[in-house]
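Visitor: Dumping the structure here so I can ask a few things about it.
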């Protein structure tokens, strides 16, 4: 269930220091507009006072109506502007988050072992969920501290005693809130684990409906679910009963503030105060004071209503912070190694799959093969070299000692199963590897030899516009564009995952020839099934996956 | 349309009525507090001016006691309104969840595509949450309406013109709120949803090839390419915020105009004007809040429709088929296998082996080959006719959020812990469970998040073995296992098949596992 108890406005523990991009900004503009809304209550209260005084003394009524409309218009404008200012700030904050998070998340997804869906959720939905915190809660919090003072100041010239009464109610109010808030937080914490566990069951059981129905267990599961949903309702009510108590404290003092001011002013007007009158009140002054009394606590009531925004936003920032701290550190870049050796290398994924121990020695330019059955972990070895698979043991060595995986990424031309195509022309995509800009002719020749000639003819050649959605390229065509990019990059080490898969035999032969030529002056590593390609290789590293983990 | 909340809320009649009574009382107290306070002040001022005699004649005890009583009543009844309103809504929606599950389960059983329902889980979760929110808001709505009516009643002594001014003002606020909410918001909400979906889809597309991005340093280019979508989403969000701000501003402006009109048109003594103006001021605030209900109404209506219809359209009566008597034969791609046969489906990846198994088990109906169970097309028998005879262990090895025992108990009613232990041993999952801190009672997060793929697969296999169906359908049961464990699993499974005479339909590319089958059906 999504329902979160509206917790109190009491003091909340401040979280640990976050990186600057994750610190939600304070919107002075939105706060100022919320205060302008409170200020708009002043002409409105003057209007009400004028109206009653005019009715009592037969004065003209139109100034009262004018003041009421003026105050109302000012408040309408202020509330609208406060929302828009908050929303604008939230949009800028979110844009800043994206600028920081996306460049960090995009290249590190595999290394962190995150699924595409998880990362998309984090990068899009989680950032969106900070809106209420920045756009509403924080500006309201700023205003809620200043608004009571503003109202008390506005009341003081008419009745300083009433202003003091209003301020005096703040003291027990804050004390009550701290007590109730602490109790509510303890109650919420005590139920938190059981509630999160049980509240997800409904969605989980529907998601697993095929399994449940195929097992013939729908009635039993249905009965359990009915019990679990009742249990969630009971537990939620236990939390709410306390959480609403802090709201009741707020309500009580808001009502008490009005009642005390009304009774004091009434008895002062009657001259029946049980002590000497500290000030002289008139009907207009008293009425103006009374009309402002409900405004004293309005800011805090609005803040309490926005508490859910705070919880959602804080949780989102927490999730983003966790993701940012989990980012792998990039090792210092090293020059291209001329030799790559592996000793006792084990790759272990968090799900328990282990690959290795593996050993290899690729002494310099040449063609080397990594072999093994589908799913055995051939790709994982290539991934480990560029820091995208977790290395649990062993060392990768260059000509002069240990190498940090990913430290030599700038020397690697990569062509894998999935190909990233940033929006742009085919020419630009092919040249993304950097290095010497290849001529159009060289690009054409290579693409022809990779069997992409018909694609070039069908589209607008090298000017064909590509984007991340594939732009009409088949999966195989995309992968060959990736292969061409790796080759054209001119980088001294090529890591190629299944370079001859999905090619017809003529193209495969052409690719093998291209790779054999490249291997004269570059270190070409291929993970492959292709026996003809393996036959051309100088060394062969065989890989087989072993599941370990808890069961090992 | 049937309101899916009607029956469950009727069962919560007690708390719901109490909550509504509290809401009415809270509204009356809030309007009364300000109204009486205003009347008391104006009356006191006039009496004060009238001299000592007028002061003695003025009954100040009653109103000042009334003010204090209203303050306490407002607090207490608002607490009751919130607590009881939430109570009614929470328990009513607990019922909705349970009955919705039962209905969808029936639909999944009767229809041809149970897999479809599973994919809708997140949407049903959101829809029910929306209804819960709407049920809570119903009570608050009653309070706002009561406040408006109370203010109207308190305006009566000021003459018909003032009453008319307030009534027109209240009406105008509702009309404006509704018109803006129904005409402008749905399109803007939809724009935002589309912009959001487009951004999420693009991000997912771009995030796929992470290695290319890392090796070629493409992250800045990708971020820049996504900026346009992000800006479109921000623009949609800003447009929605503008519309919502406009709704609020219009409500505030109309409320002020209403008060001004009342002041201009009122006829009567000052205390009664004070009473009516402050009562109206207290009522107009929750009245303006009704506009927030309007902006949610379209979403709530759609959610209610989806929930009311869930399961109804799918429940076509299945063609009457003679129930399969005894243990049925299986016919796969033209070859018929007697009970107890051990068959392997062989073919390249992507040939549709998984789809064939799922069609045979009644989970879908789109395998293109000739299939029969006991001589009948499985698509005609349906899941209801098939499930007593076949147990499928899907490749994804789904586990429900619950304990290991909860997962095993799905297989059939009345499984004791000894039977569970035997099945776990057969599936080579006993050592997996032994390493879990709570053993069989270990809570597994959603989809067995604590376990590796191979471990989940073995627990799912144990569940399939426990089901006691005469045909076992296994989809890649040994994927992710090391060779030793796989060999052990094959030995135990082979012995169990011999002992029980259970038939096997297997999809596996691993040689050791494949050796369990003695017949091969090519799937191309």
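The values are calculated or read from the model by the stated rules, or taken from the named source; none is laboratory data. These numbers were taken from a predicted model, which means no experiment stands behind them. We place every Cβ from the backbone using ideal geometry, glycine too, and count neighbours over all the protein chains shown.
Visitor: Please enumerate the residues belonging to segment A:401-451 that are at the interface with chain B (Cβ under 8 Å from one of its Cβ atoms), modelled with pLDDT under 85, out of contact with any strand residue (DSSP E or B) (no Cβ under 7 Å at 6 or more places or on another chain) and in a helix (DSSP H, G or I).
Guide: Passing the criteria: only A:432.
Visitor: (1) at pLDDT 85 or above; (2) surrounded by 20 or more Cβ atoms within 10 Å (Cβ to Cβ): which one isn't true of residue A:307, the others all being true?
Guide: (1)
Visitor: Which one of the conditions (1) part of a helix (DSSP H, G or I); (2) more than 7 Å from chain A (Cβ to nearest Cβ) does residue B:59 fail to meet, given that it meets all the rest?
Guide: Unmet condition: (1).
Visitor: More than 16 Å from the chain's Cα centre (by Cα) and closer than 21 Å to residue A:223 by Cα, is that true of residue B:110? Give the steps one after another, and end with the answer.
Guide: Details: more than 16 Å from the chain's Cα centre (by Cα): yes; closer than 21 Å to residue A:223 by Cα: yes.
Spelling it out, residue B:110 is indeed more than 16 Å from the chain's Cα centre (by Cα) and closer than 21 Å to residue A:223 by Cα.
Visitor: Also, quick follow-up: Residues to consider are A:248, A:259, A:226, A:241; find the one that is more than 38 Å from the chain's Cα centre (by Cα), facing another protein chain (nearest Cβ under 7 Å) and either surrounded by fewer than 24 Cβ atoms within 10 Å (Cβ to Cβ) or closer than 30 Å to residue A:304 by Cα (or both).
Guide: A:259 is the lone residue from the list that is more than 38 Å from the chain's Cα centre (by Cα), facing another protein chain (nearest Cβ under 7 Å) and either surrounded by fewer than 24 Cβ atoms within 10 Å (Cβ to Cβ) or closer than 30 Å to residue A:304 by Cα (or both).
Visitor: What is the one condition in (1) touching a helix residue (DSSP H, G or I) at 6+ places or on another chain (Cβ under 7 Å); (2) at pLDDT 90 or above; (3) surrounded by fewer than 19 Cβ atoms within 10 Å (Cβ to Cβ) that residue B:14 does not satisfy?
Guide: Of (1) touching a helix residue (DSSP H, G or I) at 6+ places or on another chain (Cβ under 7 Å); (2) at pLDDT 90 or above; (3) surrounded by fewer than 19 Cβ atoms within 10 Å (Cβ to Cβ), only one is false for residue B:14: (1).
Visitor: In segment A:45-61, what residues are facing chain B (nearest Cβ under 7 Å) and assigned to a helix (DSSP H, G or I)? Lay out the reasoning, then the answer.
Guide: Residues of segment A:45-61 facing chain B (nearest Cβ under 7 Å): A:48, A:51-52, A:55-56, A:61.
The answer is A:48, A:51, A:52, A:55, A:56.
Visitor: What about residue A:157, is it within 12 Å of chain B (Cβ to nearest Cβ), more than 16 Å from the chain's Cα centre (by Cα) and free of Cβ contacts under 8 Å to residues at least 40 places away in the same chain?
Guide: no
Visitor: Quick one: how many residues across segment B:411-430 are within 14 Å of chain A (Cβ to nearest Cβ) and out of contact with any strand residue (DSSP E or B) (no Cβ under 9 Å at 6 or more places or on another chain)?
Guide: Residues meeting the conditions: 11.
Visitor: Moving to a separate point now. Does residue A:123 qualify as being modelled with pLDDT under 95, facing another protein chain (nearest Cβ under 10 Å) and either part of a helix (DSSP H, G or I) or under 30 Å from residue B:266 (Cα atoms) (or both)? Walk me through it before giving the result.
Guide: Details: modelled with pLDDT under 95: yes; facing another protein chain (nearest Cβ under 10 Å): yes; either part of a helix (DSSP H, G or I) or under 30 Å from residue B:266 (Cα atoms) (or both): yes.
Here the answer is yes, as residue A:123 does meet what is asked.
Visitor: Take residue A:327 and tell me if it is touching a helix residue (DSSP H, G or I) at 6+ places or on another chain (Cβ under 6 Å) and surrounded by fewer than 17 Cβ atoms within 10 Å (Cβ to Cβ).
Guide: Details: touching a helix residue (DSSP H, G or I) at 6+ places or on another chain (Cβ under 6 Å): yes; surrounded by fewer than 17 Cβ atoms within 10 Å (Cβ to Cβ): yes.
The answer is yes for residue A:327.
Visitor: With B:167, B:134, B:144, B:162 as the choices, which residue is under 23 Å from the mean Cα position of the chain (by Cα) and touching a residue at least 12 places away in the same chain (Cβ under 8 Å)?
Guide: One residue alone meets the criteria, B:134.
Visitor: Just for helices (runs of 4 or more DSSP H) wholly inside segment B:378-469: which have at least 1 residues that are in contact (Cβ under 8 Å) with a residue 60 or more places away in the chain?
Guide: It comes to B:378-386, B:417-426, B:453-466.
Visitor: On to the next question. Under 7 Å by Cβ, and 6 or more places apart or on different chains, what pairs join a residue from segment B:118-131 that is within 7 Å of chain A (Cβ to nearest Cβ) with one that is at pLDDT below 75 and surrounded by fewer than 18 Cβ atoms within 10 Å (Cβ to Cβ)?
Guide: B:129/A:2
Visitor: Can you name the number of the only condition in (1) over 18 Å from the mean Cα position of the chain (by Cα); (2) crowded, with 23+ Cβ neighbours inside 10 Å that residue A:106 fails?
Guide: (1)
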